1. Determine by what factor the alpha-carbon radius of gyration of chain B differs from 2.2 N^0.38 Å, reporting the quotient.
2. Taking Rh as the Kirkwood radius, which is the inverse of the mean 1/r over Cα pairs, what is the Rg/Rh value for segment F:52-111?
3. Could you pull out every one of the lysines with an alpha carbon less than 24 Å from that of B:K103, ignoring same-chain neighbours closer than 8 positions?
4. Using θ = phi - 60° and the Karplus relation 6.51 cos²θ - 1.76 cosθ + 1.60, list the HN-Hα couplings for segment E:65-74 in order, rounded to whole Hz, with x at every Gly or Pro.
5. Name the chain F residue with the Cβ nearest the axis that maps F onto E: which is it, and what is the distance in angstrom?
6. If you put a point 7 Å past Cα along the Cβ direction, how far is that point for C:T16 from the same point in each other copy, in nm, smallest first?
7. In nm, what does the list of distances from C:S71 to its counterparts in the other copies look like, shortest first, when each label sits 7 Å along Cα to Cβ?
8. Out of D:A68, D:N97, D:Y34, whose Cα points farthest toward the positive end of the dipole of chain D (charges: +1 Lys, Arg; -1 Asp, Glu; placed on Cβ)?
Number of protein chains: 6
Amino acid sequence: MLELHLGTEGARIAETQSPELTRFVVEHGFADMYTNDALDQRARKIATLASLITSASLPQLEWHTRGALESGLLNKAEIEQLVIQMTIYIGYPAAYNAMGVVKKVFEELEA
Amino acid sequence: MLELHLGTEGARIAETQSPELTRFVVEHGFADMYTNDALDQRARKIATLASLITSASLPQLEWHTRGALESGLLNKAEIEQLVIQMTIYIGYPAAYNAMGVVKKVFEELEA
Amino acid sequence: MLELHLGTEGARIAETQSPELTRFVVEHGFADMYTNDALDQRARKIATLASLITSASLPQLEWHTRGALESGLLNKAEIEQLVIQMTIYIGYPAAYNAMGVVKKVFEELEA
Amino acid sequence: MLELHLGTEGARIAETQSPELTRFVVEHGFADMYTNDALDQRARKIATLASLITSASLPQLEWHTRGALESGLLNKAEIEQLVIQMTIYIGYPAAYNAMGVVKKVFEELEA
Amino acid sequence: MLELHLGTEGARIAETQSPELTRFVVEHGFADMYTNDALDQRARKIATLASLITSASLPQLEWHTRGALESGLLNKAEIEQLVIQMTIYIGYPAAYNAMGVVKKVFEELEA
Amino acid sequence: MLELHLGTEGARIAETQSPELTRFVVEHGFADMYTNDALDQRARKIATLASLITSASLPQLEWHTRGALESGLLNKAEIEQLVIQMTIYIGYPAAYNAMGVVKKVFEELEA
């Protein structure tokens with residue numbers, strides 16, 4: 001399940017960086033709070049990306065962008081539109097920084 | 001279009017509080033950056049709510065919660081799940097404060 | 001346990017505002033992540049207050065200030081010093097706003 | 001000097017809310033860090049307002065807006081332009097909230 | 001106009017990183033919201049730097065520091081004072097990080 | 001005193017990056033606001049780390065983690081628990097980023 005959310009690379013980094021936090025986010029976060037059917041997984045992925053862009057959580061934005069593309073929940077054009085839309089709510093500097101991250105992921109997946 | 005996004009009450013407050021900002025957000029934000037078809041309006045509303053919850057923009061969260069319910073883009077159970085999911089990314093204090101806002105809107109619309 | 005952390009009043013508000021978030025924070029947060037003996041409860045309360053002051057989570061700062069005083073983990077002079085020290089890390093505006101909250105709690109508990 | 005910066009009302013509130021922080025901000029902040037001639041007081045007031053708008057320090061934005069107008073360092077039209085310009089850097093929600101604060105000060109000073 | 005604001009290097013990076021955001025910030029942000037005569041360009045540059053220091057938007061702080069020096073709107077001593085003054089409002093950690101960025105720009109422009 | 005707080009490496013970086021800010025933080029911050037006996041130095045170090053984790057001040061988190069270990073005020077297990085506990089208040093992304101920093105310090109001190 002971790003790979004579904006973070007992509008294979010993100011899951012690997014998360015487990016290396018902190019096995020304890022990874023255990024908690026799997027047992028608590030993804031298990032109970034993310035799987036409720038009241039919202040479909042595509043909607044949840046959009047919400048997660050919007051939150052990470054807003055809080056400037058750039059490493060996690062990278063993991064979840066990979067996860068979104070690998071799982072097919074979102075495509076590149078949709079993710080780009082999401083960053084552009086967020087500009088209204090967070091301003092240009094944070095949007096540029098987020099765009100830099102998602103475009104780097106796009107390029108790495110094409111390579 | 002402002003009412004579609006912010007609800008009738010939010011649109012009224014926004015125009016009273018700042019006609020200049022409201023003109024800019026309609027001409028710039030909503031016109032060019034929000035309407036591109038690459039993302040449907042339901043996806044955009046989810047992203048907007050997630051961003052406002054994350055940045056603790058509580059008055060705007062209230063406007064957009066009303067807008068989401070009035071326009072039928074999201075229902076109450078979905079919005080509640082969104083707040084719960086955000087806890088993973090922003091922690092409990094910000095989630096409690098957001099939940100307080102959306103539940104207040106739910107109650108006012110029922111009254 | 002919720003009352004130990006948030007004070008009787010904070011526990012009541014938290015449960016009213018969101019029974020779902022309160023269930024999660026008790027089962028996940030306080031159960032697994034807060035009770036590990038590697039840090040004593042006084043140390044944890046200091047860390048929690050410092051975090052809430054820093055993130056400007058003022059309603060939760062109020063709950064935890066009450067909890068700290070009701071449980072005897074910290075006294076008023078210590079909490080005041082904590083706010084003053086935080087000024088170095090977050091600047092004066094956020095420190096003033098936090099001081100306003102903790103002093104209001106001090107007054108209400110004296111009344 | 002406190003009144004020059006915060007306006008008479010802001011200075012009164014700051015001293016009531018926390019005499020300790022007020023002593024520190026006068027001795028440390030305003031004395032050493034604010035008075036260096038390398039930047040004139042008008043430039044410093046603009047920087048302070050821009051910072052408070054960006055960090056959503058709304059009570060302090062109110063104090064410094066009063067201080068800016070009472071001291072004549074800035075006029076209303078300039079402060080309004082400042083909020084509008086900040087939108088580029090922080091997004092619309094934070095700009096609306098700041099505009100609400102400065103317009104409330106404008107109205108109170110006219111009354 | 002982009003170069004006036006961001007310096008030649010910043011303008012180049014911004015256009016590479018996101019042509020879409022750059023088009024929007026030129027058409028919307030700089031065109032309508034930045035050029036109004038009610039505030040002179042020096043005042044606007046001070047406000048922009050103060051905002052970027054406060055929000056820890058370090059890549060954009062680098063662009064605008066270059067832009068401020070290249071356009072002659074501010075000199076090095078003034079920018080340094082600005083960072084020092086911001087410490088009052090945002091605390092030392094964010095001020096150190098901003099100082100590291102502006103000093104790096106100073107050194108690069110001298111080289 | 002700077003070394004006690006920031007570790008030898010952190011003190012060196014701070015002085016190099018900004019002698020002015022370092023003079024102010026020693027004269028103002030650490031002198032008057034940090035040394036009051038109402039809170040012991042261990043408690044103050046916990047509060048400082050919690051604040052830096054919360055505000056994502058990662059370079060300063062590195063300095064103070066070194067300072068905490070070099071001075072013996074906290075051990076590695078305690079610092080790790082602190083990061084885990086903070087997750088409740090700030091969410092997982094910021095906690096992962098902080099954990100990456102403190103574990104890097106742990107490894108460097110072991111090398």
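1. Rounded to two decimals, the normalised Rg is 1.03.
2. 0.94
3. Reachable lysines: A:K45, B:K45, B:K76.
4. With coefficients 6.51, -1.76 and 1.60, one gets 5, 4, x, 5, 6, 4, 7, x, 5, 9 Hz.
5. Residue and rounded Å distance to the axis: F:A56, 5.
6. Label-point separations across copies, in nm and ascending: 2.6, 2.6, 5.0, 5.6, 5.7.
7. 2.5, 3.5, 4.4, 4.4, 5.2
8. D:N97
Read-outs throughout are calculated quantities, based only on the coordinates presented, and are distinct from any laboratory measurement. Only a predicted model underlies this, so the values are computations on that prediction, with no experimental measurement involved. Cβ sites come from the backbone with ideal geometry, for glycine too, and all protein chains shown count toward neighbours.
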